[in-house]
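Working notes, beginning with the structure itself.
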Amino acid sequence: MSKAQSSKKIEMLVQLSSVINSSLDIVEVLNNAIRFVEELIDAEGSSIFEVDDTTNELFFRVLRGEAVHRAKEIRMKFGEGVVGWVAVSGEPVIISDTEKDARFSSKVDLITGLITKSIIALPIKNKGSLIGILELINKRGSTPFNAEDLEVLTIVANQIGIAIANAKLYERLQEKFSLTRAELKKTQEQLIRSERLSALGQLSQGVAHEVRNPVMSIGGFARRLKNKLQHDKTLGGYADIIIKEAARLEQMVKDIEQYATMSEPDIHVMKLSTLLQYTLTTWEREPYAGKIEIKLQSPPEDPTISADKAQMAQALINLFRNSAEAMPDGGTISVSSSWEGNYLAICVKDNGPGIGPEDLPRIFDPFFTAKPKGSGLGLTAVNRIVSDHRGEVKVSSKPNTGTEVKLYLPRFSDSYKM
């Protein structure tokens, strides 16, 4: 190698180092590296194989040259072909004539249509561990791949190894940061909701106290007027409207009082079947019960849970009631359960009209309801009860496909010390 050629290669290596370390995007890093390598060594094609630790295979991470799109899905096993031999031996290799070397595999050539005549390949390592293979094929000109090329490529491979490791570390940090940010947002939303519900509880006590007596008086006097106006259909109709609306307000006041006076859960260990049987027995007294079929899908085991039986039954009944109000002509509610990690998911699913996407984000908001009846506190109370049990509520629904609500309760051994 002449002095001028040597100087040029040193200059390009310095430039390569600068380019490789200018980005933490692994695809950009490798594309920049491979482009420089081809120019540096003057080869027809080049590639970087990456190690798949789960399958002990090598796959094309970056590939330049003809028929790139046909080669990207190719995988080479450890020991297969020249790159497989390098992966197993950990040693670089120069092959001047592939037809005379048993290590060469024509697998890539057959798929891509390339004709590989000569190869130089060497391992890419980081901290002693193999992370990939750098391979160049078919050096242009009359000079074959040689020891000088190998010396230069060894420096390049070391830089690529460091760059890959840094890029992967950055990717992991980005993933962790994204996850942490998502968890922080979720926790913040739960805290805001909890504070809003606490404020609602205090406000509701005062509202219920101030509204209860006037509403009852309005209803009582309207019923007396109705009795006096039996022969006047117009005025009697007006009285009916007052009675109906007063009754609705009375029920709303009861719902608010029930929510406002909800106590901390009285936790006991019980079987899930005990809770469900108690819930179904209580539900039978509801006015909607006759039109709704409850299908109970028993799990293969009868899970043990920690819960306040009355409160959790109330949460389930609120869900049943919501579904029934959405299905005035009758319908089916399925109840099932399954373990999801350390949580027991109690799933309540109906075949009703579903919830529109514009309403779904607001369903836990106090007093929000898309139905003509109801206080809008049903799901708010469900969310509070489950939260007090250190669990979580998730709702999924689409119009005309029904609604599915999952109540997640932690394993009793992980939630409360009895």
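Descriptive notes on the structure:
- Between I74 and H231, the modelled labels are 10.3 nm apart [label points 7 Å from Cα along Cα→Cβ].
- Computed from the Cβ-Cβ distance with R0 of 60 Å, the FRET efficiency linking Q174 to D359 stands at 0.95.
- Peptide packing: for 90-101, 122-133, the average count of neighbouring Cβ atoms within 10 Å per residue gives the ranking 122-133, 90-101, highest mean first.
- Calculated from backbone phi, Karplus (6.51, -1.76, 1.60) coupling profile of segment 279-288 in Hz, x at Gly/Pro: 5, 5, 5, 5, 4, 4, 8, 6, x, 7
- Taking Lys and Arg as +1 and Asp and Glu as -1, the other residues whose beta-carbon sits under 15 Å from that of K398 total -2.
- Derived scalar couplings ³J(HN,Hα) [segment 316-331; Karplus, 6.51 cos²θ - 1.76 cosθ + 1.60; whole Hz; x for Gly, Pro]: 5, 5, 4, 5, 4, 5, 4, 5, 5, 5, 7, 10, x, 8, x, x
- Computed from the Cβ-Cβ distance with R0 of 60 Å, the FRET efficiency linking M262 to N56 stands at 0.55.
- Separation of the alpha carbons by more than 18 angstrom is noted, of K107/K139; K77/K100; K349/K398; K271/K349; K107/K168, for K107/K139; K77/K100; K271/K349; K107/K168.
- Taking M216, M270 and counting other C-beta atoms within 10 Å, the order from fewest to most: M216, M270
- Using the Cβ-Cβ distance between D388 and K295 with R0 set to 41 Å, the FRET efficiency from 1/(1 + (r/R0)^6) comes to roughly 0.90.
- Order of T112, T401 under a 10 Å beta carbon neighbour criterion, fewest first: T401, T112
- Segment 264-418: proportion of alpha-carbon pairs further apart than 20 angstrom, %: 46
- Karplus-based coupling profile of segment 150-161, in residue order and whole Hz: 4, 5, 5, 5, 5, 5, 4, 4, 5, 5, 4, x, with θ = phi - 60° in 6.51 cos²θ - 1.76 cosθ + 1.60 and x standing for Gly or Pro.
- Beta bridges assigned by DSSP with both partners in segment 233-356 are antiparallel in approximately 70 percent of cases.
Read-outs throughout are calculated quantities, based only on the coordinates presented, and are distinct from any laboratory measurement. These figures come from a predicted structure and were not determined experimentally. Reconstructed Cβ throughout: ideal geometry from the backbone, glycine too, with neighbour counts over all protein chains shown.
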